[in-house]
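A.B. asks: Have a look at the structure that comes next, please.
Read-outs throughout are calculated quantities, based only on the coordinates presented, and are distinct from any laboratory measurement. Keep in mind that this is a model prediction, so the values were computed, not measured. Every residue, glycine among them, receives a Cβ derived from its backbone with ideal geometry; neighbour counts consider all protein chains shown.
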Amino acid sequence: MFKKILIANRGEIACRVIRACREMQIETVAVYSDADSDALHVRMADEAYRLGPAPSTESYLRGDKILEIATRSGAEAIHPGYGFLSENADFVRQVAQAGITFIGPPPEAMESMGGKISARKIAIAADVPIVPGTTEPLASYEEAAEVAASFGYPVMLKASAGGGGKGMRAVESENELKSALAGARSEAAAAFGDDAVYIEKVVDRPRHIEIQIFSDSHGNHVHLGERECSIQRRHQKVIEESPSPINSVELRASMGECAVMIARKVNYIGAGTVEFLVSDVDRAFYFLEMNTRLQVEHPVTELVTGIDLVREQIRVAAGERLSFGQDDIKLNGHAIECRIYAEDPANNFLPSPGKITRLRVPNGPGVRDDGGVYEGAEVSIHYDPMISKFAVLGRDREEAIQRMRRALREYEVGGIKTTLGFFREVMEDEEFISGKIDTSFISRLQERQRPILPDPTSQDLAAIAAAMSLTGRKDTRDEQPPGGPSKWAAAGRAALHR
Ligand code: MV4
């Protein structure tokens with residue numbers, strides 16, 4: 001086993017990897033930018049080295065500097081976390097050339113799954129259903145018009161290099177096709193330097209359901225059930241759960257089998273995720289893409305399977321066999337995760353960087369907080385403003401929702417705006433509770449709901465507490481009195497409309 005690992009990342013995922021290393025008695029090396037010299041991951045690691053200025057292009061994306069630090073510190077392996085260099089096949093090759101182990105899949109598997117068109121071909125070869133559509137880049141508008149007509153509108157144009165919804169366009173009729181094609185192409189060229197675009201039929205009322213897979217270097221491939229990730233905002237996942245409210249034992253088995261067939265086809269090693277679109281209409285599922293990294297939402301799978309995915313990544317990278325087989329994997333209970341962001345839900349989720357002046361993290365039965373900050377820490381404008389992934393485990397979905405509600409009431413973050421209030425609303429929402437969560441959940445929710453109250457700052461809380469102790473009134477902050485909102489809530493709402 002490795003004696004020392006460098007973590008080429010920051011924030012909560014760097015902390016998460018350090019925790020696994022410590023349990024395995026592996027020494028940890030952190031790297032940091034100038035914006036992160038006081039960050040939690042730097043404080044948690046055994047050693048820490050400066051990369052450079054705050055922008056990621058001058059710090060966390062500098063593979064050359066990271067390799068130099070790995071060599072200098074005597075790290076035998078590099079864990080990339082997610083984002084940054086985690087899916088960069090060239091970096092993986094450079095790591096190997098330096099005689100260091102990359103904790104992740106082989107670069108060839110990464111490249112096979114890097115483009116959507118290439119991934120669709122592999123799915124076909126593995127006998128896995130894909131969304132009906134083309135498997136070659138569109139050569140011209142004429143070809144696009146012909147193909148779209150043969151599949152029938154509406155269709156979806158997607159960039160082969162795409163991700164995060166970039167270069168994606170829904171097209172209702174031929175009238176829209178020309179400008180949509182030009183738009184998708186130029187967006188893809190600008191974002192990825194690759195303007196290859198293909199066509200898919202639109203899946204009605206889609207859900208995003210993904211399968212966690214795991215493979216070792218001895219040819220063993222297993223799946224660890226699904227995660228439902230249909231609640232998204234601008235193609236960013238917001239809430240994830242496992243199991244999916246709609247997934248039956250049979251659907252899980254057949255999706256899991258398909259995911260494993262894809263992993264086998266690309267000789268995968270390590271943790272991976274195979275994404276599917278599932279139609280809410282007929283429960284048909286279609287391969288979408290494969291993510292060749294540990295994902296943000298891995299904790300929900302860990303909660304229901306009891307397996308430490310990061311520990312397993314490290315073991316497999318060291319050449320060991322998977323510590324479990326398919327039959328050992330049992331899903332227990334129901335897990336829900338909320339991504340807590342330093343964003344203002346009352347202001348179109350605008351990032352809200354700044355100093356965290358107060359932090360109270362919930363605790364108690366079935367609660368897990370994967371955080372990357374501490375009270376007094378700064379949330380920087382330079383990186384993703386996610387401050388924590390907050391997850392609960394219940395025996396069933398209902399208990400998980402009750403537990404999440406309870407725990408979110410305990411969560412306090414002061415000094416910056418957060419999405420906590422938004423999640424408190426979602427956990428009370430009838431559609432969410434009934435499990436009716438598809439693509440347009442958030443826009444529907446926003447139409448239904450009253451304005452979201454801003455998180456009270458610590459000064460507000462102090463003032464409220466002082467006022468209440470004077471009047472002897474009980475704390476009714478989260479209650480909706482029968483006669484309408486409380487005075488302070490009304491004041492808060494009025495402030496939103498000013
Ligand atoms: C689709 C789709 C409908 N039909 N593809 C792909 C990337 C992901 N961020 C959104 N994607 C979609 N691809 C076809 N052929 C609808 C979406 C979609 C979506 C899917 C699941 C959950 C939330 C979504 C939000 C917007 C769009």
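A.B. asks: Relative contact order for the chain: what percent, with Cα pairs under 8 Å and sequence separation of 6 or more?
C.D. replies: Values: 1017 pairs, mean separation 63.1, N = 498.
Reported as a whole number, the value is 13 percent.
A.B. asks: Right, next: Taking a point 7 angstrom from the Cα of Ala318 along the C-beta vector, which residues in the stretch 97-132 have backbone N less than 15 Å away?
C.D. replies: 101-104
A.B. asks: Please give the Cα centre distance for the stretch 1-66 versus the stretch 358-401, rounded to the nearest Å.
C.D. replies: 20
A.B. asks: Please work out how much length the chain gains when fully extended from Arg448 to Glu58, using 0.36 nm per residue of separation minus the C-alpha to C-alpha distance, in nm with one decimal.
C.D. replies: 136.0 nm
A.B. asks: I want the local charge near Asn291. Using Cβ-Cβ distances under 11 Å, sum +1 for each Lys or Arg and -1 for each Asp or Glu among the other residues.
C.D. replies: -4
A.B. asks: Could I ask something else about it? Loop-only check: which trypsin sites (Lys or Arg not before Pro) in the stretch 368-405 are DSSP coil with at most 12 other Cβ within 10 angstrom?
C.D. replies: Sites meeting the loop and neighbour criteria: Arg395.
A.B. asks: Under 8 Å for C-alpha pairs, at least 6 residues apart: give me the relative contact order for the stretch 17-102, rounded to a whole percent.
C.D. replies: 22
A.B. asks: Which shape class applies to the stretch 320-419: rounded if a/c is under 1.5, otherwise prolate when a/b exceeds b/c and oblate if not, where a ≥ b ≥ c are the square roots of the Cα gyration tensor eigenvalues?
C.D. replies: Working: a/c = 2.40, a/b = 1.72, b/c = 1.40.
Verdict is prolate for the stretch 320-419.
A.B. asks: A further question follows. Compute the signed sum of charges (Lys and Arg +1, Asp and Glu -1) over the other residues within less than 14 Å, Cβ to Cβ, of Val361. Working shown, then result.
C.D. replies: Values: positive: Arg358, Arg360, Arg368, Lys389, Arg406, Arg409; negative: Glu12, Asp369, Asp370, Glu375, Glu410, Glu412.
Summing Lys and Arg as +1 and Asp and Glu as -1 gives 0.
A.B. asks: Given labels modelled 7 Å from the Cα in the Cβ direction, how far is it in nm from Glu47 to Glu174?
C.D. replies: Once both label points are built, they end up 6.6 nm from each other.
A.B. asks: With Rg and the Kirkwood Rh both taken from Cα atoms, where does Rg over Rh land for the stretch 102-243?
C.D. replies: With Rh from the inverse mean 1/r over Cα pairs, Rg/Rh is 0.99.
A.B. asks: Can you sort His223, His41 so the residue with the fewest Cβ neighbours within 10 Å comes first?
C.D. replies: His223, His41
A.B. asks: Counting Lys and Arg as +1 and Asp and Glu as -1, each charge on the Cβ, what is the dipole of the chain about the Cα centre in debye, to the nearest 20?
C.D. replies: 1160
A.B. asks: Report the label-to-label distance for Arg409 and Lys201 in nanometres (one decimal), using points 7 Å from each Cα along the Cα→Cβ vector.
C.D. replies: Computed distance between label sites Arg409 and Lys201 equals 4.8 nm.
A.B. asks: What is the projected area of the convex hull of the Cα atoms of the stretch 221-350, averaged over all directions, in nm²?
C.D. replies: 9.1
A.B. asks: DSSP loop GluC sites (Glu not before Pro) in the stretch 277-360 with at most 13 other Cβ atoms within 10 Å of their Cβ, which ones?
C.D. replies: Here no loop site has a sparse enough neighbourhood.
A.B. asks: Apply the Kirkwood formula to the chain: the hydrodynamic radius equals the inverse of the mean of 1/r over all pairs of different alpha-carbon atoms; give it in Å with one decimal.
C.D. replies: Values: mean 1/r = 0.0415 Å⁻¹.
Result for the chain stands at 24.1 Å.
A.B. asks: Under the rule of at least 5 residues apart or a separate chain, name every residue whose amide H is placed under 5 Å from the amide H of Thr419.
C.D. replies: Result for Thr419 returns Tyr341, Glu343.
A.B. asks: Scan the stretch 107-177 for GluC sites (Glu not before Pro) in coil per DSSP, keeping those whose Cβ has at most 15 other Cβ atoms within 10 Å, and list them by number.
C.D. replies: Sites meeting the loop and neighbour criteria: Glu172.
A.B. asks: Let's test the formula: R0 of 22 Å, r as the Cβ-Cβ distance of Gln326 and Arg283. What FRET efficiency results, to the nearest 0.05?
C.D. replies: After rounding to 0.05, the efficiency reads 0.45.
A.B. asks: Next question. Looking at the square roots a ≥ b ≥ c of the eigenvalues of the Cα gyration tensor of the stretch 386-449, which shape do they give, rounded for a/c under 1.5, prolate if a/b is larger than b/c, or oblate?
C.D. replies: oblate
A.B. asks: So, R0 is 41 Å and r is the distance between the beta-carbons of Arg19 and Ile124; what FRET efficiency does that work out to, to 0.05?
C.D. replies: After rounding to 0.05, the efficiency reads 0.55.
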